[in-house]
1. For the stretch 363-421 and the stretch 464-522, what is the centre-to-centre distance using only Cα atoms, to the nearest Å?
2. Averaged over every viewing direction, what's the projected area of the C-alpha convex hull for the stretch 310-373? Give it in nm², one decimal, please.
3. May I ask you to order 491-499, 266-274 by the average number of other C-beta atoms within 10 Å around their residues, highest value first?
4. Show me the ranking of peptides 347-360, 468-481 by mean Cβ neighbours inside 10 Å, starting with the highest.
5. For the stretch 454-571, what log10 I(q)/I(0) values come out of the Debye formula at q = 0.18, 0.19 1/Å, with one point per alpha carbon and no solvent?
6. Between residue 334 and residue 257, what length comes free when the chain is fully extended (0.36 nm per residue of separation minus the Cα-Cα distance, one decimal in nm)?
7. Would you tell me the accessible area of residue 140, worked out with a 1.4 angstrom probe on the heavy atoms of the protein chains, in Å² to the nearest 10?
8. Report the paramagnetic label zone for residue 363: residues of the stretch 315-332 whose backbone N is under 19 Å from a point 7 Å from Cα along the Cα-to-Cβ axis.
Amino acid sequence: MRSNDVAGGPGPAAADEGPPSRTEAALVWDVVVTHADADVAWARWLSWHLADAGYRVTTAAPVAATPGTRPPGGLLLVLWSAAYQRQVTSPVGGQAPPADAPADPRALDAATGLGPWPARQVLLVRLADQPRPAPYAGLLAFDLFGLDATTARDWLLRQITTIAAHPAADLVPPPLPPSPSTTQADTHPVADTERDPAAASATPAAGTDVEAPAAPAATRAHQPHRGFPDRPAPPPPRRTPVVLGTPQLVATLRQERGHPLAVTFSPAAPLVVTAGTDTCVHLWQLPFPDPPRLAATVGYGRRINQEWARVVTFSPDGHTLAAAGDAGTTVLWRLTAARPQPLLTLTGHRGHIHDLDFSPGATLLATAGDDRAVLLWDLADPDVPTRAAILAGHRAPVRAVAFSPDGTLLATAAEDRTVTLWDLADPTHPAATVTLTGARGPLHTVAFSPDGDTLAVAGRDRVVRLYSVAEPSRERQIAAFGEHRRAVHAVAFSPDGHLLATASADRTVTVRILTDPDSPGPPLRLAAHHGAVHAVAFAPDSRLLATASADRTTALWDLFPDEPAPAPSPA
């Protein structure tokens, strides 16, 4: 899973902001929307829907003002467009900064208009397909262009996790503004059958439906969500350490033919994708807070040959979907507003493909198969993919691959009970740095933590092992736990790095706090399914968890259905 999480939350103004004015003293905004003069309509549209959801919202100009005049807020939404870029990069007083000016943080604050907000509390909302120069390129972002009003609202609310009541003065919602005319994207990774009749022709697949269980009655006086009667509104953002409560099953995606073997969330759209023994890939829209709906189905292999789709994943930007499996091929689709469009097919493995992963920059793709090899593909030019390298060395089928978050390492796990770490300084000549040999059985899954310092490994011996890879040239196991009674098929870190989920053939899923890998928290066991659980995945917000099982269902779990209970007062 790649991180598109919204970190941080409401809080007091930073210490270097200066004292607040008398009018600001009583106001602590949950969200501050900063926008260009040309994007007032967009700012009004976002502010209305956020206020309608219970947020306290204010707006601000994009150019930094003097300290003390900025409204204190927890999350800064930057409405990114060509007009915003022009407004923040135009010379102040007619004199542009020198090209060799030092990258002083305070100078960046003044240049960007982000003021004292830490980067983890700044979120870019892209209104058009506009490039982001430094320092904006390193900020978290999501897109609102290319969507209808309902999907845009749902995707916006999905990204924001701070709730604080502040009723809007005008309860008449403004219309969704058009995208800025300077640039206009022609694709977006969301299929919407309500907008495009072509999408309806592709969906739904026969024998596939969605079941949304009845939600329990609210235990507090909350305004219920649309689509889930009496279900409380989302809680405020979680603080560290995370407190796990009782997860709530919010939806079940059912299949009549076959069962899912893989599940993944889009990092850029409200979309979850499943693939499995029906040889198909299913794309489900998540129009939060309404129940999921099937948006499209595409074929991977030939059903007559039982060419199962064993793995599916997104590129980091969410615009490309890749699936692989028993056909021995890797198929890539480009996601458009209508439906997935075939992009290319990669061949080269002899036998089944068990896993694949994109590098953080999406320039490399690793595939692992029964032929004991890992193929490294160069996708710098998607129209002309080339095989950059073949990683050999395992003595049995390779079952799992994972790139480190910075793209410098690749981990490969095989049925020969070993994990190999590869240095990708030169992707055409990867070099093995260390081989991890602690497992007592074939390995099925491997995953890096979001900070890149921890590697989780598991397989048939039922034990999940955590290794420190801060020094990738030596083996250092830091923790191991074996609460599962059968083989572990999948492990996944939450994008915020606080949680680790494991899925097992014993029909259960466990979730544990892993803020400190040296001291893992106790497991929270989900009696998730009536069959083996093959895959587990976190949504970008680290709150929604998907589990795919041999019982023909994929379950969606809300891990934080209620606000964490306050800590007991000391005696």
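1. With the stretch 363-421 and the stretch 464-522 each reduced to a Cα centre, they are spaced 22 Å.
2. 4.1 nm²
3. Going from most to least packed, we get 266-274, 491-499.
4. 347-360, 468-481
5. These q points yield log10 I(q)/I(0) values of -0.93, -1.01.
6. 25.2 nm
7. The accessible area of residue 140 comes to roughly 50 Å².
8. 315-320
The values are calculated or read from the model by the stated rules, or taken from the named source; none is laboratory data. Because the structure is a prediction, the values reported are computed rather than measured. With ideal geometry, Cβ positions are generated from the backbone for all residues, glycine too; neighbour counts draw on all protein chains shown. Side chains are part of the model used for accessible areas, which takes the heavy atoms of the whole protein and leaves out ligands, DNA and RNA. Shrake-Rupley method; radii C 1.70, N 1.55, O 1.52, S 1.80 Å.
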